[in-house]
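Following: one structure in structure tokens, then a few remarks.
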Amino acid sequence: MENISDKQGRALEYVIVEEIIKKMPQNKGRLTRSARIDQDREKAKFEACSFELQKNYKKFPEIVFEWLKNNFQIDLHSITIDRLSDTHGKKGDVTDIRIYINEKVINLSIKHKHKALKHQRPPTTAVRCGFPPKSIQDNIFRKQYEDITDIFLEQARDMFPEATKFNEIKKIQNDFINKNLYLPVCNHVADFINSHCKAPRNVIELFTFLVGKTNFYKIIDFRDEIHIYKFYEIKLPESVKAETYQDSYVILYFSNGWVISMRLHTAASILGKSLKFDTQPVNLEEMILKEIIKK
């Protein structure tokens, strides 16, 4: 099921591409097949947004287009626009909109009111550190993860037999989930990273999964301003240290100076094993060149 943040982000991608299309001379420039399919599909998503949100969105593409025009030599006669799926993001390419102008490529990652890098699932930790799916490391990590979640569910059913949702447990015992699920899972993830992410290739695999493998601009739409971050030629780390923080966080300290916070939370309301990390850069302003444009 598509969440609200993703829906709003996809609507922003739609209006940016529509703005560029409007500027193209007739029969000049083009959209790739995937871009055209996305535009046709997401027109309805944009129209489903509230009137106030649509009104705010109309300022956004105009500002982005002006920024593109001021920073790049845009030849609207030879421009090609592509839109990339979330599958590319899982492989380290976080681009949402890719613009080809002659031989130049401009990658844009579009966000609505948040700086999140990823929303990855804890069981994929070994794979994100560069170990192949179903490898010994991956299998052992997943089995231990299953053991932690099985123990939690058994405890929860014994202590709260009437509860079917996470929030029902929180109302009875506020810190039960933190202490018996979040903390053990966070410790498991941090321990794996500290013990298995020692080789630079594994560190780089984890870092580029979280931050991105390609050069791109992250454009974030806030209420009164737009933030543009230049993710270009980022120095890659050689080592990483993971620490558990406040029961539900794993903090990653990379040797290139990046600090990344991964907050664990439930991905569904029903009591079960579905968990996600909300992965955010802690010191993004220190590491990346930022431009702020007022609306």
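The values are calculated or read from the model by the stated rules, or taken from the named source; none is laboratory data. Just so you know, these numbers come straight off a predicted model, no measurement behind them. Glycine gets a Cβ as well: all are built from the backbone with ideal geometry, and neighbour counts include every protein chain shown. Areas reflect the complete protein model, heavy atoms only, side chains present, ligands, DNA and RNA absent. Shrake-Rupley method; radii C 1.70, N 1.55, O 1.52, S 1.80 Å.
Computed values, structure above
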{"quantity": "Search result, residues across region 28-57 that are among the aliphatic types (A, V, I, L, M) and open to solvent by less than 20 Å² (accessible area, probe 1.4 Å)", "calculated": "Ala35"}
{"quantity": "Subset of region 97-122 (residues that are surrounded by 20 or more Cβ atoms within 10 Å (Cβ to Cβ) and not in a strand (DSSP E or B))", "calculated": "Leu117, Pro122"}
{"quantity": "Residue match in region 267-279 (condition: more than 20 Å from Tyr145 (Cβ to Cβ), within 16 Å of the chain's Cα centre (by Cα) and open to solvent by less than 40 Å² (accessible area, probe 1.4 Å))", "calculated": "no"}
{"quantity": "Members of region 36-57 found to be free of Cβ contacts under 8 Å to residues at least 12 places away in the same chain and among the aromatic types (Phe, Trp, Tyr), listed by number", "calculated": "Phe51"}
{"quantity": "Scope region 97-110; condition modelled with pLDDT under 90 and farther than 17 Å from Leu76 by Cα; matching residues", "calculated": "none"}
{"quantity": "Residues of region 260-273 satisfying the condition of being among the hydroxyl-bearing types (Ser, Thr, Tyr) and assigned to a strand (DSSP E or B)", "calculated": "Ser261, Thr266"}
{"quantity": "Test result for Ile292, aliphatic (A, V, I, L, M), farther than 17 Å from Phe209 by Cα and open to solvent by 40 Å² or more (accessible area, probe 1.4 Å)", "calculated": "yes"}
{"quantity": "Every pair of residues 6+ apart whose Cβ atoms lie under 9 Å, when the first sits in region 279-293 and is without any contact (Cβ under 8 Å) to a residue 12 or more places away in the chain while the second is buried (at least 16 other Cβ atoms within 10 Å of the Cβ)", "calculated": "Glu285/Tyr229"}
{"quantity": "Evaluation of Lys134 against (1) farther than 29 Å from Cys49 by Cα; (2) among the basic types (Lys, Arg); (3) crowded, with 20+ Cβ neighbours inside 10 Å (one fails), failing number", "calculated": "(3)"}
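Quick grid of which residues meet (1) under 24 Å from Lys273 (Cα atoms); (2) touching a residue at least 24 places away in the same chain (Cβ under 8 Å); (3) surrounded by 15 or more Cβ atoms within 10 Å (Cβ to Cβ); (4) over 23 Å from the mean Cα position of the chain (by Cα):
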{"residue": "Lys59", "(1), (2), (3), (4)": "no, yes, no, yes"}
{"residue": "Gln73", "(1), (2), (3), (4)": "no, yes, no, yes"}
{"residue": "Ser85", "(1), (2), (3), (4)": "no, yes, no, no"}
{"residue": "Asp93", "(1), (2), (3), (4)": "no, yes, yes, no"}
{"residue": "Arg128", "(1), (2), (3), (4)": "yes, yes, yes, no"}
